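A.B. asks: Just passing along the structure, written as structure tokens.
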Amino acid sequence: MKPGTFVKVVTWLFVVLGGLVFGIFLSSWLMIRSHSSSARPILAKRQIDAYQLALKLLVTHTGVPPSPAQGLDALISPSGMTNWQGPYLDPPVFRTDPWAHPYRYRLTGTNTLVDSAGPDGMFDTADDIRSR
């Protein structure tokens, strides 16, 4: 092998892999952006359902739901919780809803609630999408 060949191969490998990752990201972004307005609420409901399922598993392991301060981040990092056995979500973790607004996590007693502000981006309005 000629000197520097290994470096060239590794460099090309990183370029190709980087291009693939960028292509996957771009196609996912374009797919979400191209969803019709009627598909976005369905996608938000499915993402909320995924959060709720992950939260139930976390509570099963730890015995307590995450505090509002820990929020949904407790699904991907221990945040000081005992018996945490996560991460409870595989990447990609949905940090924003289909309208690019952050999801809201609330705790009422021992019930966890996750909701989306919906198309208008404001919580506590008629178009909000809530966990069941």
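A.B. asks: Identify all residues within the range 40-74 that are touching a helix residue (DSSP H, G or I) at 6+ places or on another chain (Cβ under 8 Å), among the aliphatic types (A, V, I, L, M), within 14 Å of residue 111 (Cα to Cα) and touching a residue at least 40 places away in the same chain (Cβ under 8 Å); write none if there are none.
C.D. replies: Result: 55, 72.
A.B. asks: Also, quick follow-up: Of all residues in the range 71-87 being part of a loop (DSSP other than H, G, I, E, B) and touching a Phe, Trp or Tyr at 6+ places or on another chain (Cβ under 9 Å), which is surrounded by the fewest Cβ atoms within 10 Å (Cβ to Cβ)?
C.D. replies: It comes out as 77.
A.B. asks: Looking for whichever is part of a loop (DSSP other than H, G, I, E, B) and out of contact with any strand residue (DSSP E or B) (no Cβ under 9 Å at 6 or more places or on another chain) here; the options are 65, 91. Which one fits? Write out each step before concluding.
C.D. replies: Working: 65 fails: out of contact with any strand residue (DSSP E or B) (no Cβ under 9 Å at 6 or more places or on another chain).
Going through 65, 91 in turn, the sole match is 91.
A.B. asks: Also: Is it fair to say residue 118 is without any contact (Cβ under 8 Å) to a residue 24 or more places away in the chain and either more than 16 Å from residue 60 (Cα to Cα) or surrounded by fewer than 16 Cβ atoms within 10 Å (Cβ to Cβ) (or both)?
C.D. replies: Answer is no for this residue.
A.B. asks: State yes or no: is residue 64 closer than 17 Å to residue 40 by Cβ, among the aliphatic types (A, V, I, L, M) and in contact with a Ser or Thr (Cβ under 9 Å, 6 or more places away or on another chain)?
C.D. replies: no
Here, each number is a calculation from the coordinates, and none is a lab measurement. What you see is a predicted model; the values in this text were computed from it and never measured. So basically every Cβ, Gly included, is an ideal-geometry build from the backbone, and we count neighbours across all protein chains shown.
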